[in-house]
Amino acid sequence: MQSIALVLQRRLIQSIRRTVLVPHSPDRKPPSTFAFLCTQAPGYLPDGALESKQEKSRPCLSYRIEKLSKGEGVLSAFQSWMKDGFPVHRGDIFHAINRLRKLKMNKRALEVMEWVIRERPYRPKELDYSYLLEFTTKIHGISQGEKLFSCVPSEFRNELLYTNQVIACLDKGAITLSLAYMKKMRELNHAISHLVFNRLIILHSSPRRKKFIPKILTQMKADKVPQHVSTYNILMKIEANEHNIEGLMKVFSDMKRVKVEPNEISYCIVTTAHAVARLYTVAEAYVEGVEKSMTGNNWSTLDVLIMLYGYLGKEKGLEKTWQVVQDLPYVRSKSYVLAIEAFGRIGKLDRAEKLWLEMKSRKGLYTTEQLNSILSVYCKYGVVKKASGIYRELGKHGCKPNAITYRHLALGCLKAGMVEEALKTLEMGMDLTTSNVVRNSTPWLETTLSIVEIFAERGDVVNAEKLFDELKKAKYSRHTFVYNTLIKAYVKAKIYDSNLLNRMILGGARPDAETYSLMKLAEQYRN
């Protein structure tokens with residue numbers, strides 16, 4: 001690290017006429033909550049997928065670097081490349097860096113950039129130093145990144161380098177330091193990229209810090225940052241995560257009002273939010289927006305369409321989209337999981353089973369999520385015998401059941417009328433540590449609601465309330481149908497609670513005709 005800094009100090013090159021560059025930020029992966037905002041290639045590709053048709057038809061420096069064994073330096077890859085008569089061009093390096101970043105091989109990417117700065121196969125420019133800074137901060141921390149930043153030739157310490165330094169600090173959670181760099185950019189009259197503000201908004205997306213987002217947007221406007229669709233997508237995703245349809249549609253309307261054109265990600269967020277809220281007619285209208293705005297065959301958009309067609313019960317659209325996915329150079333296990341769940345949702349158990357066997361033979365079974373996909377289908381329809389078989393298969397593939405596994409099994413037992421077994425299974429799942437990401441996920445919430453619905457039909461208020469508390473914490477209870485399910489439990493139990501309507505309104509849900517009908521029905525049980 002120190003040797004690189006010395007090289008940078010010694011090799012201060014003469015000023016050259018700088019080519020104007022669009023501020024660039026590496027596509028660092030956002031938090032999982034925002035992961036599907038990405039429309040690039042998958043972040044993880046198994047070895048078999050790395051050697052694409054393009055790489056087979058032409059020499060690829062990146063492929064040689066990726067295939068290096070652990071402990072082997074990048075020098076050997078460069079030496080073999082040049083030995084075969086190929087010069088090291090800037091394009092080869094940038095392609096390799098982008099590949100390594102997607103594969104999360106940050107240490108290897110840093111080695112590549114250190115070699116470039118040290119050996120200088122071409123004259124380094126601002127983007128080269130930007131990459132070096134990015135991976136130095138990722139691997140060695142902010143302090144080493146700051147030291148490197150001060151050693152970069154002054155002619156390259158411009159908007160791009162500052163932007164990457166700010167984002168590198170934000171990725172490490174150093175908000176105060178990032179704001180200091182942004183202040184310096186204003187003093188130097190450097191334009192601040194919308195990417196910086198996007199990252200700031202994401203860092204403030206938790207309920208506790210969400211109140212600061214309006215201030216960030218005000219500052220964004222003050223800095224005259226051009227409006228960008230990605231910013232609105234993030235704002236919409238925040239509202240969608242909190243099941244706030246009104247808030248989401250307000251952001252969507254604001255985006256159209258300022259004449260920022262929604263893209264496929266925008267429509268995916270809006271459509272999925274309405275589908276989850278069981279507003280299927282509205283969701284169906286926005287699906288057309290997803291289809292029309294698609295640019296190429298992005299795997300993430302296709303995955304969303306698979307999920308949406310499952311919600312809307314559109315078998316033809318589901319089959320057509322799945323065929324497109326199969327025609328891609330590489331089909332991810334995640335796509336299989338979503339397709340299995342989607343076919344299960346529309347009642348096509350035989351089709352879901354066929355896809356399950358196909359995934360098993362082609363991809364192998366190495367994650368609990370894969371096994372949970374078919375397990376959820378069986379349990380949704382109370383096919384306990386087959387579900388038990390999948391549960392026993394977990395251990396054979398080195399997988400362990402997780403909390404969602406037991407939640408699915410509990411639903412399956414209840415569907416089959418096995419109440420005691422369901423309660424025991426629920427308790428087993430409660431004993432497992434479950435992340436907030438899982439507890440806020442749609443599969444978890446929908447499975448939990450299905451269990452609450454069964455308890456409601458049985459008039460089991462105690463267990464219904466116990467699980468309803470989970471839905472409330474995830475703000476899923478903002479949907480009217482969720483609160484109505486709880487009220488049904490009280491009606492079936494012949495219990496009148498005058499506070500239910502107040503709880504519903506204070507919880508952010510709007511009473512509808514069914515709500516008032518249920519409350520009217522419950523009044524007959526007033527003491």
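The values are calculated or read from the model by the stated rules, or taken from the named source; none is laboratory data. None of the values given here were measured: they were computed from a predicted structure. Don't worry about glycine lacking a Cβ; one is built from the backbone with ideal geometry, like all the others, and counts go over all protein chains shown. Heads up: the accessible areas ignore ligands, DNA and RNA and are worked out on the full protein's heavy atoms, side chains in. Shrake-Rupley method; radii C 1.70, N 1.55, O 1.52, S 1.80 Å.
Numbers for the structure displayed
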| quantity | calculated |
| --- | --- |
| Residues that are over 9 Å from Gly412 (Cβ atoms) and either open to solvent by 30 Å² or more (accessible area, probe 1.4 Å) or at pLDDT below 95 (or both), drawn from segment 374-389 | Lys385, Lys386, Gly389 |
| Where Leu279 falls short, out of the listed (1) without any contact (Cβ under 8 Å) to a residue 40 or more places away in the chain; (2) farther than 27 Å from Leu449 by Cβ | (2) |
| Yes/no for Met236 being at pLDDT 95 or above, of a type in the set (A, V, I, L, M), within 29 Å of Thr480 (Cβ to Cβ) and within 20 Å of the chain's Cα centre (by Cα) | yes |
| Matching residues, segment 175-208, being of a type in the set (Gly, Ala, Ser) and crowded, with 19+ Cβ neighbours inside 10 Å | Ser178, Ser193, Ser205 |
| Verdict on Gly507 being surrounded by fewer than 17 Cβ atoms within 10 Å (Cβ to Cβ), within 26 Å of Leu279 (Cβ to Cβ) and either in contact with a helix residue (DSSP H, G or I) (Cβ under 8 Å, 6 or more places away or on another chain) or not basic (Lys, Arg) (or both) | yes |
| Output for segment 157-175, where each listed residue is among the hydrophobic types (A, V, I, L, M, F, W, C) and not in a helix (DSSP H, G or I) | Ala174 |
| Residues being of a type in the set (S, T, N, Q) and open to solvent by 10 Å² or more (accessible area, probe 1.4 Å) - total across segment 91-132 | 2 |
| Of residues in segment 425-469 being of a type in the set (Val, Ile, Thr) and without any contact (Cβ under 8 Å) to a residue 40 or more places away in the chain, the one most open to solvent (accessible area, probe 1.4 Å) | Thr433 |
| Subset of segment 502-517 [under 22 Å from Lys475 (Cα atoms) and either more than 35 Å from the chain's Cα centre (by Cα) or assigned to a loop (DSSP other than H, G, I, E, B) (or both)] | Gly507, Gly508, Ala509, Arg510, Pro511, Asp512, Ala513, Tyr516 |
| Scan of segment 60-84 for residues that are in a loop (DSSP other than H, G, I, E, B) and either in contact with a Lys or Arg (Cβ under 7 Å, 6 or more places away or on another chain) or open to solvent by less than 60 Å² (accessible area, probe 1.4 Å) (or both), ordered by number | Cys60, Leu68, Gly73 |
| Selection count where residues are surrounded by 13 or more Cβ atoms within 10 Å (Cβ to Cβ) and either part of a helix (DSSP H, G or I) or over 27 Å from the mean Cα position of the chain (by Cα) (or both), scope segment 209-225 | 8 |
| Complete set of residues in segment 277-313 that are within 19 Å of the chain's Cα centre (by Cα) and either assigned by the TED database to the domain that holds Tyr483 or open to solvent by 50 Å² or more (accessible area, probe 1.4 Å) (or both) | Asn297, Trp299, Met307 |
| Which numbered condition Gly459 misses (of (1) more than 25 Å from the chain's Cα centre (by Cα); (2) modelled with pLDDT under 95) | (2) |
| Among the residues listed as Tyr476, Tyr496, the single one being more than 27 Å from Asn241 (Cα to Cα) and of a type in the set (Ser, Thr, Tyr) | Tyr496 |
| Spans of helices (runs of 4 or more DSSP H) in segment 365-476 with at least 3 residues farther than 29 Å from Tyr490 by Cα | 368-380, 384-396 |
